[in-house]
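In what follows, a structure is listed as structure tokens, so that the remarks can point back to it.
The values are calculated or read from the model by the stated rules, or taken from the named source; none is laboratory data. A quick note: this is a predicted structure, and the numbers were derived from the prediction, not measured. Every residue, glycine among them, receives a Cβ derived from its backbone with ideal geometry; neighbour counts consider all protein chains shown.
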Amino acid sequence: MKNLILYFSATGNSLEVARKLSDGLVDCDVENMFTFKEDDLRKYDRVGFVYPCYFLSTPKFILDYVKELKFNSDQYIYAICTVNMYDGNAGHQLASVLSDKGLKLSYYKRLKMVGNYIMDYKMPTEHHVERLLKKARKKYDGIIEDIKNNRTKKAYKRLGYVSNKYYALFEERKLKSQILFTVNDTCIGCGICVKVCPFENIDLIDKKPVWKNECEHCTACIHWCPRTAINYGDKTIKRLRYTNPKTLVSDIFK
């Protein structure tokens, strides 16, 4: 069977998962959602989505992306949602979008990895990162076997009201991005922040990054900055940064 995995990844967690699943599946392509040519979608027997949870939800830009895709009615569709703690109503939201298209989300799995939302919490130490990722990696083989055998795992509706309200607060927070993102004097004007931004929301002006108003708070710019020069307000100044140890910055370039 021909397989496709579409992923979105800012700091590398979902990319690692997509690659590991691909290693275990025969004849599998791994594609970034932002660069995949959707006309090619119908040639696949299985289509998987691997992406992070945002504020107890599937990010709106991913739901909007899926709404525009053209599937075959008999494709086996699955999703792996990488999370810091809880996924809330993320699975059901994706299932609902597919249902509106007359399709079924056959398999949904929440996979706890390392959170990257540095605006809200501290990043773990290197030792803690290793422990969290080791625990997550033990689950890969089981997920691969489930997908190989076209098993089903329902995405239940959970915390629907709470998830919607929580995500609405996140949307409000994003409106402050132009003001709260800052860069200090250690910036060397390398432009990595521009290259890793999947939304083309950063311009380099006079060798310094400037944020526009299309930020989705994926945090790629903060975590991949080689000089730790980027911050969000004053909360992130002394916090550790995190990028998946199996991912190179060039893997994230759009």
Yes/no for Tyr167 being in contact with a strand residue (DSSP E or B) (Cβ under 7 Å, 6 or more places away or on another chain), touching a residue at least 60 places away in the same chain (Cβ under 8 Å) and surrounded by 14 or more Cβ atoms within 10 Å (Cβ to Cβ): yes
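Please count how many residues of the range 10-46 are of a type in the set (Gly, Ala, Ser) and under 14 Å from the mean Cα position of the chain (by Cα). Let's see the steps before the verdict.
Kept after step one, since they are of a type in the set (Gly, Ala, Ser), are these residues of the range 10-46: 10, 12, 14, 18, 22, 24.
Next, only the ones that are under 14 Å from the mean Cα position of the chain (by Cα) stay: 10, 12, 14, 18.
Within the range 10-46, residues that are of a type in the set (Gly, Ala, Ser) and under 14 Å from the mean Cα position of the chain (by Cα) number 4.
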Filter result for Arg173 (part of a helix (DSSP H, G or I), out of contact with any His (no Cβ under 6 Å at 6 or more places or on another chain), surrounded by 13 or more Cβ atoms within 10 Å (Cβ to Cβ) and charged (D, E, K, R)): yes
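Could you look through the range 173-209, keep only residues that are charged (D, E, K, R) and within 20 Å of the chain's Cα centre (by Cα), and pick out the one that is farthest from Gly88 (Cα to Cα)?
The qualifying residue farthest from Gly88 (Cα to Cα) is Lys195.
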Close pairs from the range 183-203: first in the same structural domain as Leu15 (by TED's automatic domain parsing), partner modelled with pLDDT of 95 or more and buried (at least 17 other Cβ atoms within 10 Å of the Cβ), Cβ under 7 Å, at least 6 apart: none
Looking only at the range 19-39, and only at residues there that are crowded, with 16+ Cβ neighbours inside 10 Å and assigned to a loop (DSSP other than H, G, I, E, B), the one that is modelled with the highest pLDDT: Leu25
Among residues of the range 72-118, those that are over 18 Å from Lys154 (Cα atoms), touching a helix residue (DSSP H, G or I) at 6+ places or on another chain (Cβ under 8 Å), surrounded by fewer than 19 Cβ atoms within 10 Å (Cβ to Cβ) and at pLDDT 95 or above, counted: 0
